[in-house]
Ligand SMILES: [Zn+2]
């Protein structure tokens, strides 16, 4: 299932290819000091893939703290934080904010406790969508 998502204004958008089709989308409310302040609830899937598109890169603030391994992409236009990326083990991984997903049916029954630490999407970066 292809699940689209974005920040509020659409500057940062993504396509999450969730395979196999989900019956529910597990998500985890992160309790780190930053996510506690902005209400970050994240989802990810080790077998999925993620394509991120950014219309105006200059309007994206990249925020990191602590060890700096996780980079929060904050839209400088609308202020939403739709995803977090991390370069680990030679690859780029990400989690996406559950509140930024556009598909709602499979999300409604989702528990908020199914996230397994370290499971993240593979990421490719692409041009903005037409
Ligand atoms: Zn935005």
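The values are calculated or read from the model by the stated rules, or taken from the named source; none is laboratory data. Worth saying up front: this structure is predicted, and the values here are computed from it rather than measured. No Cβ is skipped: glycine too gets one built from the backbone with ideal geometry, and neighbour counts run over all protein chains shown.
Going through the range 1-27 one residue at a time, which ones are more than 16 Å from the ligand (Cβ to nearest atom) and in a loop (DSSP other than H, G, I, E, B)? Before the answer, list the steps.
Quick first cut of the range 1-27, residues more than 16 Å from the ligand (Cβ to nearest atom) only: 1-3, 15-27.
Passing the criteria: 1, 18, 19, 20, 21, 22, 23, 24, 25, 26, 27.
Scanning the range 28-46 for residues that are part of a loop (DSSP other than H, G, I, E, B), surrounded by fewer than 16 Cβ atoms within 10 Å (Cβ to Cβ) and in contact with a strand residue (DSSP E or B) (Cβ under 9 Å, 6 or more places away or on another chain) turns up 32, 39, 46. Pairing residues of the range 1-17 that are touching a residue at least 60 places away in the same chain (Cβ under 8 Å) with residues that are near the ligand (Cβ under 6 Å from one of its atoms) and assigned to a strand (DSSP E or B), at Cβ distances under 6 Å and at least 6 apart in sequence or on separate chains, gives 7/75; 11/75; 12/75. Filtering the range 47-65 to residues that are surrounded by fewer than 17 Cβ atoms within 10 Å (Cβ to Cβ), under 18 Å from residue 88 (Cα atoms) and within 16 Å of the ligand (Cβ to nearest atom) leaves 62, 63. When you check residue 84 against the structure, is it surrounded by 15 or more Cβ atoms within 10 Å (Cβ to Cβ) and closer than 14 Å to residue 16 by Cβ, yes or no? Here the answer is yes, as residue 84 does meet what is asked. If only residues of the range 47-70 that are in a strand (DSSP E or B) and under 27 Å from residue 1 (Cα atoms) are counted, the one that is modelled with the lowest pLDDT is 49. Residues in the range 71-95 that are within 14 Å of the ligand (Cβ to nearest atom) and assigned to a strand (DSSP E or B): 5 in all.
Identify the residue in the range 33-46 that is touching a residue at least 12 places away in the same chain (Cβ under 8 Å) and more than 12 Å from the chain's Cα centre (by Cα) and, among all such residues, is nearest to the ligand (Cβ to nearest atom). This residue is 38.
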